[in-house]
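The structure under discussion appears below in the form of structure tokens.
Where a number appears in this text, it was derived from the coordinates with a stated rule and is not lab data. If you're wondering where the values come from, they're calculated on a predicted model, not measured in any experiment. Cβ sites come from the backbone with ideal geometry, for glycine too, and all protein chains shown count toward neighbours.
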Amino acid sequence: MTIRFLNSDDAIDYSVLRKFSLYESPYAFSDSFEDEENKILLHYQNEIQKWGNPLEAFTLGAFNDLNLLVGFVKFKRDQRSKARHRASLHSLYVKPEYRGKGIAKMLVTELIKIVEPIPGIEQLQLSSIVSHISLIEFYENLGFQKLGGLIEKDLIINGKYVDAWYMVKHLKQ
């Protein structure tokens, strides 16, 4: 398995996997397939673009031995001047047939390894929807802590309310 930054050459593969992820795992994301299905390739090229020096945003991809994209995770630093010490980890996804092989952990671990030395970023935040496939324990094992209380009725997915936990990992500076 290879973990690397996605670039514009990966946009087609990413767009296919992104749409599939939203269709296959609607409870894993705050975005929806319906919101995504009509986006054009240029949108995905911009979405995965690595930018900033130091880095402000990027998308990592996991590639199998045949160099096929099987997972991804995204990072974005808060752009507001009062919140520059925070950044978000979001949109973690691994194709079903590759789950249970440590790929999600590799993606998140690599993201943290890249983000931790960026000057001024003290917190890596995320939200995790509470469902039958909750990743809360997964994130806790990687050093994230629940932030505040349970957010009840955070989203409506397929006509049902779902709750969420906001989580944070304090980075070493």
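Points worth noting:
- Most fluctuating residue given options V16, V115, V94, as computed from a GNM of the chain linking Cα atoms under 10 Å: V16
- For K39, no residue whose modelled amide H falls within less than 5 Å of its own remains once neighbours fewer than 5 places apart on the same chain are excluded.
- Signed unit charges on C-beta, dipole axis of the chain, positive-most listed residue V108, Y98, F33: V108
- Anisotropy class assigned to the chain is rounded, per the alpha carbon gyration tensor with a/c under the 1.5 cut-off.
- For the stretch 25-32, 3J(HN,Hα) per residue [Karplus equation, 6.51 cos²θ - 1.76 cosθ + 1.60, θ = phi - 60°, Hz, x = Gly/Pro]: 10, x, 8, 8, 9, 7, 6, 10
- Just checking the listed ones, I112, I40, I136: in the Gaussian network model of the chain with Cα springs under 10 Å, the one fluctuating most is I40.
- Springs between Cα atoms under 10 Å define the GNM used for the chain, and in it the highest mean-square fluctuation of L150, L107, L69 occurs at L150.
- Pairs from K101/K160; K19/K105; K50/K172; K95/K172 whose Cα-Cα separation, in the structure shown, is over 25 Å: K101/K160; K95/K172
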